[in-house]
Every structure is written in structure tokens, then in C-alpha cells.
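Below is a structure I'd like to ask you about.
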Amino acid sequence: MVDDTNTELTVLVCSANVGNAEPTPASFGEWVPDDGEIEGPLTQTKYPVDADGAAWARSSLEGAGKKFDIIVIGMQEAAFVDKTLKKKGSASERDGGSSGGAVDDSNRDGGAAADVNSERSHPPGGVAEAVGNGAADSEKGGKKGKNKLFRKVVKAHLVVRGLTAGGSETYKAPTLRNRRGESKAKENNHSVSYDTRKFLELIQKRCPSYAMVTTKLRGEMRLIVLALKGLDKEISDVYTAGENTGIGSVLANKGGIIATFDLRGTRLSFMTCHLEAHEGNAHYMNRNKNLAEIFAGAKTDPNYNLHDATIISHHMFVCGDLNYRIKFAETGSAKKKKSSGKNALKMSGVIVKKHFTSTQLLNSNFDETPNEEKVSPPQPVNEKIAPHFTTAKALVDGEDWKALNDGDELAMALKKKECLAGFNTLPCNFPPTFKVARGEGYQYTEKRTPSYTDRILWKSADGMADNVVPFLYEPCPDFITSDHKPIRGGYIVKMNRGPSDQPSTKLTTTNSFQQNELQVHLLVSDIKCTNLPIMDAELMGGLSDPYILFVSSPKPLLWKKAWPSTKVIKRNLNPIWEEDIHLTLDRDTCSDGGNISLNGSMLYMTVIDEDISSGDDVIGTVALNLNDLCSDLGSQEQNDPSSSSTRRDSSNIQQTKISRPILRNGQEFGMLECTISSAFLTGKETKAFLKNAKKVRSKTRHISLTNKIFGLLPF
């Protein structure tokens, strides 16, 4: 803990591409601090963070015994088998059966909607038999043939296994028209697999002071969230979801997992992901697309299925093997006409097939990183990569981190807002984490340009950017079992409230709800959108039919069997609403001990395209901090020297002009502008408040039959 009021917690985010190899306890210990101790990483780091507040954070955290409150572990290519069982044992043992006892691998129960199927099920009979029969048959062909076939069968199974229990959604909810639905996974009653058991054993030995909040596995990806024992009791509404972006957007070798939960009035989300590999603009664009697909498909909270996790979270962290590369300006021979067809494929050693049979899946390399035992045919040096490697290696040797960061694709993408709009990340003032030889230190392989593929980013809700302070960001060079070096980041995160046994932080006002009629009123006027995307087919006019829903968090603030909304403006990409929207906040929901309490409360202005024939589509959302919109209401009360009571100035109205990008899945889709006036009024005062408004609308939007069918508004 950092401050006396316990409103600030420390979060450690750890991310590693494990390389589909079992990490040694020593390697794991170089990555995850001993029992979450802060002092070791803080004092031993070779790369101190130079960011606003970082020095203060480090000084406030000095001292033995302080631990991270929350530890998040995200892993990619984290699937492996027990090599000692290749020559003996049953098929279930080869897949990591129940020998040694099962370890509890269930999610923390976040209510009826939480997903408890966080572990992969055992393989279907056909695959299990293939593993057993393949190993038995290859005994006759010698050790080399046996090992090769065994690895290929298990590799294919570990990827496909993400489509069973590990690939389930965490809740059952109607789907949007532009979202692919997933069926509920069958209950998994099997014991955990060998790789899962090994990871959990490492974590239990390394972090004995922590309780498991949630653990989720999806193919080769894993997300594990730990909290200090005692603190975990305050965590509620835990949800997890995932999305695959591998071959055909089906295989789980690529994709992401998101976990969301509430802690002290603060909604936290964590995502681990593995994006498309390889260098080149096409792969860069696909990485941006992968991120949007994950956000769209892995919606965690069933109460807000209109919004992705980047919208509904007060703070969200994204980590993983994002695979963004370092790219330098092309010069000399690099400007020559690029190879095409078979020659280009030959240089990279990639075989592209239009259709994939089961045999082809077994013989495909699903990841860019070979297992340490994999035997690859000789590959010619890629002449396109060679000059980039030489340049990058020289910069690494000279510790010119700035020049390396200037060529970072992710930094370019964030600047251009081509992905992860609104997210922040620290510069990588350390050696690139990829691609290295498996061993200590940084020995880069020449077939890939050294790059910062492994990253951590974060985003805070409107008005909460200062509530996250990074104080640690570094690689772990002594992690020896992968061709990536893991990274970890430490953050101080200010909660919206203190512990459950302490009073909440209230809005800066002494206004009371003792008078039954007093309520917080909002008037939204001068509403317009610009540069909206085309949502309708050319046959329907090739435009959009937008309207705006006003959604609140907590939900009861505005929910009245439906959400307030504007009218629909037909066929317009730059709509202007000639009406004002009157919103009244539910007094019981924003009352805390008789006082206004809007800390953490949000207003989501969600722009939607009406489509009567096939269901409406979400265009995007502008998320606004209700506490900031009403922050001046405290000045409405003035002390009366002649009386012990207070008097309100009902003419005091706070007015806020809004001009924000419309966001969906980490991308921008036009702009929204409006003016929001807020006041704390009685019923009689409300009439004066609305006197100068134009065409006041306070109607809610009811669910049409089409939307009930297509599931856009399932509330």
C-alpha cells in the first residue's frame, strides 16, 4: 500500500512468450518477483523509468516487505508436454493427465455469469487416439521419427484445444449483428493438463501470499490474475472472455484473453494477446486488425454488451507478444522491386495453402518460434531483413534506445491512431526482446530484425489519466527457455474508493438529499457527429442512420426499462440533432450517506446505426466522467452567517463543452460534439432549468422486435 487512506494499490503486469517450452524455476524466478516483493525489482533494475511521478512512486515504495497488491501474468505460446512421458504412459498422461494430483484451476466465481471453464478439456477421442497410435507406430520407425510425429500431433492438439472448454465465453448473452457468437462450452470435469499444473505449481511456490482471482487458458495463451490474500475478498464481478485470431480466426495460437473485475469502486481489465507475426506492411495491418477483433469478440461484462472492454474499464492494461517490429527507412538495395510469388515465399520458408486439411494442420508451423527440438530445413538469409538486422544490432550495441524506438511500429501505430486509441506505453529504453537465442542475455538471431515485440500498455477512463503512475518497465534477460525475453511493468493505480470498511471518496459538495425532490439533472444540447463511417449497404443508400443512446455506469443511474436516446436521423454521416436531451440521475444510486457520490460513475454516449431489416450496429462510444461533469455543483451551497444551515444557489449551473473521438474496439470512427449542463435541483427549479432548452426529449428507446431478435439491446 502507498498512502494512509489505502486508495492506491500497486499492480505488477508480467508478460512472456514462453516459446512452448517448460520454463525452469530459475527462469520463472527471474520474471515473477519472489512472493511479489517490490524492493527487489525496484532496486535492481538497470532501466529506471523516467516518467511523471515515477521518482515519487519509487521513493514511496522503498523499504523491505512491501508487496504488489495485484499480479497479472499473461503468457503466449505457453503449451508444452511432459517429455519424460513420450516413451511410456497412457494417452491421457501424454496430454498431461492426472498424475501428481490436480491443482484447482477454476475461475473466481463472479456470479452466475462468470466462466468457471477456465481450463482446457482433455482431447477428443480422435485426437487422443492419434497421439497414442502415432507414438506407438513411430516406435518401429526409431526415436527420430517418433519424436517428430509426437511433437506435430501434440502441437496441433494444443492449438485446436482452444476451441473446446478453453474457448468458451464467460456468460450467455444475445449477440450483436456484427459479432460472431460462441456456444457455451461443456463443463470440464477433467484434471488439469501437465503444462497447466506446472505453471500453477511455479506460481504457488513463488507467490504463497497470493490468492487466485481468475485463471483462463485459450489454446496456447494464458491469463492469470493474483491478489494478496485478504484483498481478494474485496474483488467482485469477475468475468473473462477470449477471441481467436489464428488461421481462419478459429485456431487459438493467436488471439487474446480479457479479464475484468471490480475492486473498490474501480473496474479493472487486463488483456493478454498474441498477434500476427512477421515483418512487412501487410502483417502490420493485420496486427492492428487482430486487436480490433479481440476487443469486439471478447466482451466481458454481460450488462454492457454494447461496449468493449476499452470503454467500460476505468483502467485497462494490455500485454503480450504484440509482434510489432522495428522498421527503418528503406535505402539502397531495399528499394529494389520486392520478390513475389514462390521466390518471396521461398526466402521466408513459408508454405501457403488455400485450404487446410487435418493432415496439413498437423504439418503446419502455427507459431513463428520453433520448439528447441524442432529440426528445420536450411533457409537462405532473407536479403530484405539483413540490412535491417545490421542497423538494429549496431543501435543495440551502442544502446541508442531512442533511435530504436523511432523505428518502432507500435509507436507509429499509436501516433497515427491505427490501433489502441487512447492507450499509453512507456518507451523501451532497453534492448529489444526478440528474436534471441534461448539462453542468458541477448544473442540475436539474424533471420529476424531485433524488435520490441513484447509490450505493456494501459488506458484510463475520462478524467482518470493521472490515477495510473508507472514506476517499473524492464525485460528479464536471464529467462533462458524462450527466444523472447519476458517483460514486466509496475504501476500505482488509484482506486475510486477506499477499502470496504472506510468511507467512500465523495464529490466535492455537502449537498444533501434530505429534501426528497433534489436530484442531479443533465441537459445535453448542440449534439452533432462528423465523419461517421458508412454502415449501410450501397443498395440502402451507402450512408448511416445514426441515433445516440445514453448509457450509465452504474446502470440504475439512467436505466428505466430502456436507455434514453435521441431520435434517428436518416441517411447522414454528419448528423445534427435539433433537440436537447434531459437526463435525471437516480437519486438513490448516486447517494452515499445522504451526499452526492459520483466517483467512478460514467456516461456512455453510444452512437448506433439503425437497421430495421437486420439489427442495429454500434458505431462507437464517447465515455464521459460524470464526476467531472458535476464537479462544480459543490459551489452551489454557501454558508449563511445568520444561520447554522446552508442555502443553495439554484442558478449555479455547470456547463461542459464536449468534442471527442467516437471509439470502438480501440479505433476512431468520427467525432461527437455537444454541450452538457448539470445542476442540482428540486422539481420546481427543473422547470426553469429547461426553460431555454429546445425540443426537450427525455424519452427512452424501447427495444424493437428486430433488435430483440438480433440482440442489440438485451436489457
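The values are calculated or read from the model by the stated rules, or taken from the named source; none is laboratory data. A quick note: this is a predicted structure, and the numbers were derived from the prediction, not measured. Backbone-built Cβ (ideal geometry, glycine too); neighbour counts: all protein chains shown. These area figures cover heavy atoms from the full protein model, side chains too; ligands, DNA and RNA do not enter into them. Shrake-Rupley method; radii C 1.70, N 1.55, O 1.52, S 1.80 Å.
How many of the residues in region 13-30 are open to solvent by 10 Å² or more (accessible area, probe 1.4 Å) and in a helix (DSSP H, G or I)?
Residues flagged as open to solvent by 10 Å² or more (accessible area, probe 1.4 Å) and in a helix (DSSP H, G or I) within region 13-30 amount to 4.
Something else about it: Quick check: is even one residue across region 660-677 at pLDDT 80 or above, surrounded by 17 or more Cβ atoms within 10 Å (Cβ to Cβ), under 14 Å from residue 596 (Cβ atoms) and not aliphatic (A, V, I, L, M)?
Checked against the condition, which is being at pLDDT 80 or above, surrounded by 17 or more Cβ atoms within 10 Å (Cβ to Cβ), under 14 Å from residue 596 (Cβ atoms) and not aliphatic (A, V, I, L, M), region 660-677 yields no hits at all.
Anything in region 198-251 that is buried (at least 23 other Cβ atoms within 10 Å of the Cβ), polar (S, T, N, Q) and not in a loop (DSSP other than H, G, I, E, B)? List them, or say none.
214, 215, 240, 244
Shifting gears a bit: For the structure I just gave you, tell me whether residue 485 is of a type in the set (D, E, K, R) and in a strand (DSSP E or B).
no
Take region 36-52 and flag every residue that is surrounded by 15 or more Cβ atoms within 10 Å (Cβ to Cβ), in contact with an Asp or Glu (Cβ under 8 Å, 6 or more places away or on another chain) and not in a helix (DSSP H, G or I).
45, 47
Consider residue 418 carefully, then state whether it is closer than 21 Å to residue 285 by Cα and open to solvent by 10 Å² or more (accessible area, probe 1.4 Å).
Numbers: closer than 21 Å to residue 285 by Cα: yes; open to solvent by 10 Å² or more (accessible area, probe 1.4 Å): yes.
Against the criterion (closer than 21 Å to residue 285 by Cα and open to solvent by 10 Å² or more (accessible area, probe 1.4 Å)), residue 418 qualifies.
Results for (1) over 16 Å from residue 676 (Cα atoms); (2) touching a Lys or Arg at 6+ places or on another chain (Cβ under 6 Å); (3) not hydroxyl-bearing (Ser, Thr, Tyr), shown as yes or no for each residue.
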| residue | (1), (2), (3) |
| --- | --- |
| 565 | no, yes, no |
| 576 | no, yes, yes |
| 580 | no, yes, yes |
| 587 | yes, no, yes |
| 595 | yes, yes, yes |
| 599 | yes, no, yes |
| 603 | no, no, yes |
| 606 | no, no, no |
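Against the conditions (1) part of a helix (DSSP H, G or I); (2) closer than 25 Å to residue 254 by Cβ, where does residue 78 fall short? Just the number, please.
Going through the list (1) part of a helix (DSSP H, G or I); (2) closer than 25 Å to residue 254 by Cβ, residue 78 breaks only (1).
In this structure, does residue 629 turn out to be of a type in the set (A, V, I, L, M, F, W, C), within 30 Å of residue 536 (Cβ to Cβ) and at pLDDT 95 or above?
Considered against the rule, which asks whether it is of a type in the set (A, V, I, L, M, F, W, C), within 30 Å of residue 536 (Cβ to Cβ) and at pLDDT 95 or above, residue 629 comes out as no.
Continuing with the same structure: Go through region 440-469 and give me each residue that's at pLDDT 95 or above and out of contact with any Asp or Glu (no Cβ under 9 Å at 6 or more places or on another chain).
Result: 442, 443, 444, 450, 456, 457, 458, 459, 461, 464, 465, 468.
I'd like the full set of residues that are under 26 Å from the mean Cα position of the chain (by Cα), surrounded by fewer than 23 Cβ atoms within 10 Å (Cβ to Cβ) and at pLDDT below 95, limited to region 596-613.
Residue satisfying the conditions is 599 alone.
Report yes if residue 457 is touching a helix residue (DSSP H, G or I) at 6+ places or on another chain (Cβ under 9 Å) and assigned to a helix (DSSP H, G or I), otherwise no.
So residue 457 fails the test.
If you go through region 425-472 one residue at a time, how many are of a type in the set (Ser, Thr, Tyr) and open to solvent by less than 10 Å² (accessible area, probe 1.4 Å)?
Residues that pass the stated criteria total 5.
Another question, if that's okay. Across region 294-330, what is the total count of residues that are within 23 Å of residue 434 (Cβ to Cβ) and touching a strand residue (DSSP E or B) at 6+ places or on another chain (Cβ under 6 Å)?
As a first pass, look at region 294-330 and keep what is within 23 Å of residue 434 (Cβ to Cβ): 294, 317-330.
This time we only want the ones that are touching a strand residue (DSSP E or B) at 6+ places or on another chain (Cβ under 6 Å), so: 294, 317-322, 325-326.
Adding up the residues that qualify gives 9.
Suppose we keep only residues that are of a type in the set (S, T, N, Q) and either modelled with pLDDT under 95 or open to solvent by 10 Å² or more (accessible area, probe 1.4 Å) (or both) within region 264-288. Which one would you say is farthest from residue 299 (Cα to Cα)?
Within region 264-288, the match that is farthest from residue 299 (Cα to Cα) is 281.
Given the condition at pLDDT below 80, open to solvent by 70 Å² or more (accessible area, probe 1.4 Å) and at positive phi, answer yes or no: does some residue in region 54-68 qualify?
No: zero hits.
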